[in-house]
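In what follows, a structure is listed as structure tokens, so that the remarks can point back to it.
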Amino acid sequence: MKTVSLKINDSIFGETENILSRINIPRNRYINEAIEFYNKIQKRKILEKRLKAESILVENETMQVLKEFENIDYVD
């Protein structure tokens with residue numbers, strides 16, 4: 001396990017301490033769970049961005065293929 005030193009805004013720290021006194025879990029565990037949750041959100045955003053970019057690529061290629069099919073003369 002790594003040790004991290006961080007500066008937290010006073011208002012965030014106060015709110016966190018208030019919540020911790022009510023849910024009765026250690027501050028370290030709470031912060032670890034919060035970071036884990038935030039990491040999941042960020043991973044989803046990264047994946048969403050990548051999927052959107054790939055979707056645009058596929059869309060452009062699909063439109064190009066459709067145009068090529070439109071230009072084919074079919075023989076009866």
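We did not get these values from a lab; they are worked out from the coordinates using the rules stated. Quick caveat: nothing in here was measured; it's all calculated off a predicted structure. No Cβ is skipped: glycine too gets one built from the backbone with ideal geometry, and neighbour counts run over all protein chains shown.
By average Cβ neighbour count within 10 Å, what is the ranking of 47-57, 64-74 from highest down?
Highest-to-lowest ranking by the protection proxy: 47-57, 64-74.
Along its principal axes, what span do the Cα atoms of segment 10-70 show, with the longest given first and each in whole Å?
Principal extents (Cα only, largest first): 68, 20, 14 Å.
On a 0 to 90° scale, report how tilted helix 27-70 is relative to the longest principal axis of the chain, with both axes built from alpha carbons and the result rounded to the nearest 10.
Roughly 10 degrees, rounded to the nearest 10.
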